[in-house]
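The values are calculated or read from the model by the stated rules, or taken from the named source; none is laboratory data. Just so you know, these numbers come straight off a predicted model, no measurement behind them. Cβ coordinates were reconstructed from backbone atoms using ideal geometry, including for glycine residues, and neighbour counts include every protein chain displayed. The protein model used for the area step is the full one, side chains on, heavy atoms only, and it has no ligands, DNA or RNA in it. Shrake-Rupley method; radii C 1.70, N 1.55, O 1.52, S 1.80 Å.
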Amino acid sequence: MARLLRAATWGLFPWRGYCSQKAKGELCRDFVEALKAVVGSSHVSTATVVREQHGRDESVHRCEPPDAVVWPQNVEQVSRLAALCYRQGVPIIPFGTGTGLEGGVCAVQGGVCINLTHMDRILELNLEDFSVVVEPGVTRKALNVHLRDSGLWFPVDPGADASLCGMAATGASGTNAVRYGTMRDNVLNLEVVLPDGRLLHTAGQGRHFRKSAAGYNLTGLFVGSEGTLGLITATTLRLHPAPEAIVAATCAFPSVQAAVDSTVHILQAAVPVARIEFLDEVMMDACNRYSKLNCSVAPTLFLEFHGSQQALEEQLQRTEEIVQQNGASDFSWAKAAEERSQLWTARHNAWYAALAMRPGCKGYSTDVCVPISRLPEILVQTKEDLNASGLTGSIVGHVGDGNFHCILLVNPDDC
């Protein structure tokens with residue numbers, strides 16, 4: 001463990017070996033040649049435009065490019081790259097799809113960006129055990145397309161078509177978390193290349209048990225570690241049966257308080273809702289404009305229900321009673337796949353809808369999770385603070401598990 005921690009902190013100190021005399025942005029020729037010897041010349045780039053593409057994500061943070069970008073083709077190459085950088089004290093930045101909102105790919109101290117998208121195989125599918133093993137280049141949409149005829153699916157849905165290994169690294173949540181859990185609940189095993197190049201299987205090689213009492217929970221340690229403890233080169237995921245029937249719904253409310261109270265009441269009534277998303281009136285106006293919706297410009301809940309036809313009828317009836325008691329209006333159902341897709345595409349594009357309110361600005365997103373019992377109070381207070389601030393912003397959230405985001409639009413060049 002001491003060696004692992006030492007590797008993680010080496011990037012804080014001046015480089016040694018190949019790069020001891022070089023400034024950020026200028027890897028020495030011998031080191032670049034050593035990278036090429038591992039992955040091949042065509043899979044290494046020091047071009048400015050390529051480095052800048054890998055020095056930013058969707059966040060407000062300014063571009064911080066790495067000094068080189070490499071594309072390994074397999075775990076053996078990742079291991080050799082990590083060992084090479086480890087020996088020379090060169091920072092490593094893992095890169096997946098670049099859809100993050102926190103600036104995690106910014107190479108603030110330079111180093112080598114390891115782009116893992118060329119490792120895009122689905123290594124193993126265990127239908128009877130409800131599990132699958134994927135490499136870092138496999139995205140959630142690609143996996144669900146592959147599973148389309150199997151009767152199974154992977155439900156964790158953060159909105160962006162993110163890399164599944166990246167979702168494990170960031171401990172991603174999403175719209176389905178209220179029923180299916182987050183990545184922490186759905187990762188069974190990880191293959192990780194440690195900073196010095198050693199290979200680790202967090203639950204044991206080839207294992208995909210749902211429960212284990214054998215030793216430390218290393219899988220839980222690496223899920224959400226944001227690439228600071230190692231590079232995830234494969235993840236074993238828990239799959240779920242595809243629901244027999246799906247219905248989505250929207251309902252508008254007279255106030256933020258009424259919308260969030262309905263969320264709490266639905267959960268307290270034990271309605272097994274699959275998704276329950278909150279969008280304030282500012283976000284609804286932005287989504288109407290961006291996604292060509294025709295919804296009421298008011299605090300709104302987007303809901304979705306999974307189950308048998310009979311179960312859905314009971315869930316819908318109970319939910320409609322609850323929201324009407326809280327003053328809901330414009331209550332509408334979407335049963336056809338095309339209608340549901342339009343609705344959730346609009347929800348997933350909410351980030352871009354918000355950015356479109358002030359072209360040229362960047363979005364800064366907060367990420368807060370509070371106890372469900374405090375959700376109405378805190379969300380209402382947040383809305384009041386946002387209105388009082390005079391800033392352009394909106395609120396959207398996975399309120400079924402107490403999570404919400406405040407998206408502020410800022411001009412990063414306005415100091």
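Some points to look at:
- The distance linking region 229-262 with region 110-141 is 22 Å (Cα centroid to Cα centroid, whole angstrom).
- Distance cut-off 27 Å, percentage of C-alpha pairs in region 250-390 lying past it: 21
- Close Lys pairs in the chain (alpha-carbon distance under 21 Å; sequence gap of 8 or more, or different chains): 4.
- Using alpha-carbon coordinates, inclination of helix 281-291 to the longest axis of the chain, degrees: 70
- Helix 309-325 axis, angle to the chain major axis (alpha carbon atoms, nearest 10°): 70
- Computed over region 65-169, the ratio Rg/Rh where both radii use C-alpha atoms and Rh is Kirkwood: 1.03
- Residues whose amide H lies under 5 Å from that of S131, counting only those 5 or more places away or on a different chain, are N126, L239; hydrogens are built 1.01 Å from N in the peptide plane.
- One quarter of the convex hull surface built on the alpha carbon atoms of the chain amounts to 21.6 nm², the projected area averaged over directions.
- ³J(HN,Hα) computed for each position of region 52-61 - Karplus, 6.51 cos²θ - 1.76 cosθ + 1.60, integer Hz, glycine/proline x: 5, 4, 9, x, 8, 10, 8, 7, 7, 5
- Between 0 and 90°, nearest 10: helix 375-389 axis offset from the chain longest Cα axis: 80
- Here the chain exposes an accessible surface that is 49 percent carbon and sulfur, computed with a 1.4 Å probe and the other protein chains kept in place.
- With θ taken as phi - 60° and the Karplus curve 6.51 cos²θ - 1.76 cosθ + 1.60 applied, the whole-hertz 3J(HN,Hα) list for region 161-174 is 7, 7, 5, 5, 5, x, 5, 5, 5, 9, x, 4, 10, x Hz, x standing for glycine and proline.
- Sequence ranges 337-348, 87-98, 158-169, 192-203, ranked by mean other-Cβ count within 10 angstrom, highest first: 158-169, 87-98, 192-203, 337-348
- Where the alpha-carbon atoms of region 94-237 are placed on the principal axes, they occupy 45, 34, 28 Å, in descending order.
- Shown here: region 319-415, whose C-alpha atoms stretch 49, 34, 22 Å along the first, second and third principal axes, sorted largest to smallest.
- Whole-number percent relative contact order across region 136-244, with pairs defined as alpha carbons under 8 Å at least 6 apart: 33
- With contacts taken as Cα pairs under 8 Å at a separation of at least 6 residues, the chain carries a relative contact order of 13 percent.
- Each peptide in 58-67, 28-37, 207-216 gets a packing score, the mean of other Cβ atoms within 10 Å over its residues, and the list from highest to lowest is 58-67, 28-37, 207-216.
- Across all directions, the average projected area of the convex hull around the alpha carbons of region 20-80 is 5.1 nm².
- On the basis of the beta-carbon distance and an R0 of 25 Å, R62 and D385 show a calculated FRET efficiency of 0.40.
- More than 20 Å apart - percent of Cα-Cα pairs taken over region 180-300: 62
- Debye log10 I(q)/I(0) at q = 0.12, 0.14, 0.15 Å⁻¹ for region 158-231, Cα point scatterers: -0.33, -0.45, -0.51
- In region 52-113, Rg over Rh equals 0.99, where Rg is the alpha-carbon radius of gyration and Rh the Kirkwood radius from pairwise Cα distances.
- Accessible area expressed per residue, the chain, with surrounding protein chains retained (probe 1.4 Å, Å²): 46
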